[in-house]
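Below is one structure, written out as structure tokens, with a few remarks after it.
The values are calculated or read from the model by the stated rules, or taken from the named source; none is laboratory data. What you see is a predicted model; the values in this text were computed from it and never measured. Don't worry about glycine lacking a Cβ; one is built from the backbone with ideal geometry, like all the others, and counts go over all protein chains shown.
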Amino acid sequence: MTCCAPTDVQNLMTDTRQPDTLLEEIRLASRELAGGTRQTDLSVPSVRCAACIASVERTLAKLSGVEAARVNLSMKRVAVTWRTSEGTPPDLIGALRGIGYEAHLFAPEQDAEDPELARLVKALALAGFCAMNIMMLSVSVWSGADASSRQAFHLISALLALPALLYSGRVFYASAWSALRHGRTNMDVPISIGVSLAFALSLYDTIHNAPHAYFDAATSLLFFLLIGRTLDHVMRERARSAVAGLARLAPAGATIIQDGRPLYVPVSEIEPDAMVLVAAGGRIPVDGVVERGASDLDCSLVSGETAPRKAAPGEMVQAGVMNLTGPLTVRATARAENSFLAEMVRMMEAAEGGRARYRRLADRAAALYSPVVHTLALMSFLGWLFLTGDWHSSITIAIAVLIITCPCALGLAVPIVQVVAARRLFESGIMVKDGSALERLAEIDGVTFDKTGTLTLGKPILVNADVAAPAAMRIALGMTMGSRHPAAQAIAVVGAQRVSQAPAFDWIEEVPGLGLEAQIGGDTYRLGRPDWATGQQARDDASAAGSISVLARDGEPLAVFVLEDSVRHEARETVSNLVRQGLAVEVLSGDCEAVVKDLTSRLGIRDFAAGLLPADKVVRVAAHETAGRKVLMVGDGLNDAPALSAAYVSMAPATAADIGRNAADFVFLNEGLSAVTDALGIARRSRRLIFQNFALAVGYNALAVPVAMLGYVTPLVAAVAMSLSSIIVVANAMRLSPARKAA
């Protein structure tokens with residue numbers, strides 16, 4: 001029932017700014033992406049349905065420099081990515097205004113309050129009041145009132161119906177007029193025509209004292225339509241409130257140290273490397289590293305765990321995390337719009353923006369609605385007029401056809417399920433980028449896991465630190481201090497405790513899947529995989545419980561570091577659940593075979609491959625696709641990003657490297673691995689509900705259209721039947737239960 005409605009006349013705002021000034025504001029408000037591409041977020045309050053989405057995205061895509069445009073229906077926003085050689089943005093707002101959609105730059109404080117729900121409730125209340133009173137008068141007419149009483153009842157019904165049409169019906173009339181004015185049509189056009197014809201014909205019959213009038217049909221249609229539209233709006237507001245609640249976790253401002261003095265500034269003005277003071281009880285404003293102080297942190301936002309985590313100098317902290325016990329000085333590592341919290345908000349906002357196959361199918365069917373229903377109504381009118389010669393009866397049947405054939409249920413079949421599913425996933429600590437990912441997840445027949453950071457926590461511990469010589473430990477510390485790789489961080493933590501200083505290298509480079517390479521004084525040092533570090537086939541001397549990293553200088557080994565990792569919580573239960581569901585499970589790891597074999601045997605996984613480089617993982621994933629298999633890749637870290645991008649669908653933990661999270665379709669916040677089965681369960685239940693909604697919508701139209709064209713349906717029955725079909729689809733989507741642990 002989310003029928004298209006370009007900007008309501010009351011909401012139109014005249015922008016008196018000069019075009020150059022407006023374009024400059026768009027440029028300043030845009031966010032820079034990779035490769036010179038920028039993203040601009042616009043608020044488009046009048047976007048209401050699939051037809052609106054198609055019009056907005058198609059219009060923006062035609063602009064020179066625009067690479068992509070994606071509408072988020074719940075947030076009434078459109079994200080536009082663009083790139084121009086001179087850096088001047090396209091006239092996005094002017095283009096939308098040209099097709100009847102008023103837009104402005106998105107700002108959270110501007111969109112914090114949405115008056116749409118209040119307007120819908122008022123319109124619904126008036127339509128319901130009028131419809132119920134007209135219905136009571138109709139009962140008197142049906143009970144056998146005499147001619148004079150009947151005409152009086154009809155006149156009173158007309159007076160009651162008029163305010164309902166003028167106030168409650170303006171939602172549909174404004175939409176229909178705006179669409180027609182800009183040379184388009186939408187679902188509200190035939191609805192408006194049907195309501196107007198029903199009222200006009202009833203008024204004609206009242207003046208001529210005819211035995212029947214259909215004022216009850218016109219007002220009841222508006223009443224039931226508004227029920228469905230209000231329900232849909234409430235469901236979308238629930239999804240929107242989850243995003244708003246997440247965004248509110250970020251403070252509006254923070255205290256930084258500038259020129260040795262504390263200064264309170266908006267969070268948006270905090271630059272990387274700024275020193276931020278976070279008092280006990282405050283939230284971390286941006287991603288950063290603790291420089292001074294010690295405290296306990298509530299990291300439930302990131303990890304899903306309620307137990308406080310200790311924070312000390314050198315610890316990474318994310319925006320939105322609550323500082324519980326002591327003051328901290330945090331060095332910012334990213335701007336607020338690039339923080340982990342902002343990334344989660346963007347992912348939540350994008351959850352229903354995907355153009356999945358099911359949604360595209362429903363959109364195409366809904367797009368055919370207006371011409372088809374107008375044709376059917378015209379054919380019904382002409383056919384009955386030819387057969388009976390009774391224009392009054394013929395136009396009554398045509399009105400019933402116009403009303404009963406509205407495909408609002410078909411238009412709601414997919415998006416309403418995606419909105420509810422995104423909310424259920426969020427409640428389970430899982431972020432999804434778009435609806436197409438949810439659809440693909442429901443189709444998988446296998447799961448491929450990375451080992452480190454996925455099946456394990458990715459927090460290895462160095463267990464043989466006493467074996468390494470102090471000189472070797474200093475070199476290892478100097479190489480690992482700036483790395484985010486879990487193994488490097490484990491070595492850096494122990495190294496900082498054992499040695500006082502580290503050498504300054506000429507350059508350090510991290511080679512994905514292999515390790516760290518550095519140079520100083522003409523010597524080349526490598527720390528990582530034994531064969532790569534030494535330049536020759538190394539002996540696999542790691543224990544079954546740990547992996548090894550070798551420090552070598554010009555190919556000569558200096559130290560061997562043995563690291564052990566803990567298995568991720570619920571990993572064995574998750575693997576067992578996946579196997580019971582008939583899914584093929586395998587592990588792809590860059591670690592040595594002994595370590596991988598020991599872990600897979602403990603988890604009950606038979607298929608694994610060890611010693612793989614990032615390119616090798618991509619080859620393995622591509623081989624599954626070539627064989628016709630649809631595999632979910634669950635990985636963490638820089639070396640898994642290519643495989644995550646290549647997989648049919650992918651998932652990463654929130655602790656993954658930035659590039660890994662960006663490459664994944666899903667990000668789970670909990671430390672436990674049960675998020676995999678939770679997301680799979682929600683995806684499969686969503687698919688079943690979508691199929692059920694399709695069946696309900698198609699079955700309704702297949703039954704209702706012939707019955708209406710044969711003259712067996714009055715406009716009142718048509719109004720009730722059409723509205724109930726949409727309400728049933730919304731109610732069916734709300735049956736999507738929260739994620740349940742598989743037995």
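Could you check the stretch 85-99 and list, in sequence order, the residues that are in a loop (DSSP other than H, G, I, E, B) and either surrounded by fewer than 16 Cβ atoms within 10 Å (Cβ to Cβ) or in contact with a helix residue (DSSP H, G or I) (Cβ under 7 Å, 6 or more places away or on another chain) (or both)? Those that are in a loop (DSSP other than H, G, I, E, B) and either surrounded by fewer than 16 Cβ atoms within 10 Å (Cβ to Cβ) or in contact with a helix residue (DSSP H, G or I) (Cβ under 7 Å, 6 or more places away or on another chain) (or both): Ser85, Glu86, Gly87, Thr88, Pro89, Asp91, Ile99. For the stretch 461-470, filtered to residues that are surrounded by 16 or more Cβ atoms within 10 Å (Cβ to Cβ) and at pLDDT 80 or above, the residue that is farthest from Ile548 (Cα to Cα) is Ala468.
Selection over the stretch 607-623 of residues that are of a type outside the set (Lys, Arg), touching a strand residue (DSSP E or B) at 6+ places or on another chain (Cβ under 7 Å) and crowded, with 18+ Cβ neighbours inside 10 Å gives a count of 3. The set of residues in the stretch 386-421 being assigned to a helix (DSSP H, G or I) and surrounded by fewer than 17 Cβ atoms within 10 Å (Cβ to Cβ) consists of Phe386, Leu387, Thr388, Trp391, His392, Ser393.
In the stretch 678-720, which residue that is outside any helix (DSSP H, G or I) and among the aliphatic types (A, V, I, L, M) is surrounded by the most Cβ atoms within 10 Å (Cβ to Cβ)?
Filtering the stretch 678-720 for residues outside any helix (DSSP H, G or I) gives 710-714.
Then drop every residue that is not among the aliphatic types (A, V, I, L, M), which leaves 710, 713.
Values: Leu710: 11, Val713: 22.
So the residue we want is Val713.
Applying the condition of being within 43 Å of the chain's Cα centre (by Cα) and among the hydroxyl-bearing types (Ser, Thr, Tyr) to the stretch 381-432 and asking which residue is modelled with the highest pLDDT yields Ser428. If you go through the stretch 598-622 and keep only what is at pLDDT 85 or above and either of a type in the set (Phe, Trp, Tyr) or on the phi > 0 side of the Ramachandran plot (or both), you end up with Gly604, Phe608.
Filter the stretch 156-199 for residues that are part of a loop (DSSP other than H, G, I, E, B) and within 16 Å of Ala125 (Cβ to Cβ) and give the result.
Step one: of the stretch 156-199, the residues part of a loop (DSSP other than H, G, I, E, B) are 169, 182-187.
If the condition is that a residue be part of a loop (DSSP other than H, G, I, E, B) and within 16 Å of Ala125 (Cβ to Cβ), then Gly169 is the only one that fits.
Of all residues in the stretch 126-136, which are without any contact (Cβ under 8 Å) to a residue 60 or more places away in the chain and over 12 Å from Pro163 (Cα atoms)? Before the answer, list the steps.
Our first condition is that a residue be without any contact (Cβ under 8 Å) to a residue 60 or more places away in the chain; within the stretch 126-136, this holds for 126, 129, 132-133, 136.
Correct list: Met132, Asn133, Met136.
Name the residue that is modelled with the highest pLDDT, counting only residues in the stretch 103-143 that are part of a loop (DSSP other than H, G, I, E, B) and among the small types (Gly, Ala, Ser). Among those that are part of a loop (DSSP other than H, G, I, E, B) and among the small types (Gly, Ala, Ser), it is Ala103. Close contacts from the stretch 317-329, counting a first residue that is farther than 9 Å from Ala280 by Cβ and assigned by TED's automatic domain parsing to the domain that holds Ile257 and a second that is of a type in the set (D, E, K, R) and buried (at least 23 other Cβ atoms within 10 Å of the Cβ), with Cβ to Cβ under 9 Å and a gap of 6+ residues or different chains, come to Val317/Asp287; Gln318/Asp287; Ala319/Asp287.
Restricting attention to the stretch 202-231, report how many residues are part of a loop (DSSP other than H, G, I, E, B), of a type outside the set (A, V, I, L, M, F, W, C) and either touching a residue at least 24 places away in the same chain (Cβ under 8 Å) or in contact with a helix residue (DSSP H, G or I) (Cβ under 7 Å, 6 or more places away or on another chain) (or both). Write out each step before concluding.
To start, the set of residues in the stretch 202-231 that are part of a loop (DSSP other than H, G, I, E, B) comprises 208-214.
In the following step, the residues that additionally are of a type outside the set (A, V, I, L, M, F, W, C) were identified as 208-209, 211-212, 214.
Subsequent filtering for residues that are either touching a residue at least 24 places away in the same chain (Cβ under 8 Å) or in contact with a helix residue (DSSP H, G or I) (Cβ under 7 Å, 6 or more places away or on another chain) (or both) retains 209, 211-212, 214.
The total comes to 4.
Go through the stretch 495-521 and report how many residues are in contact with a Gly (Cβ under 8 Å, 6 or more places away or on another chain) and on the phi > 0 side of the Ramachandran plot. Looking only at that region, the number is 2.
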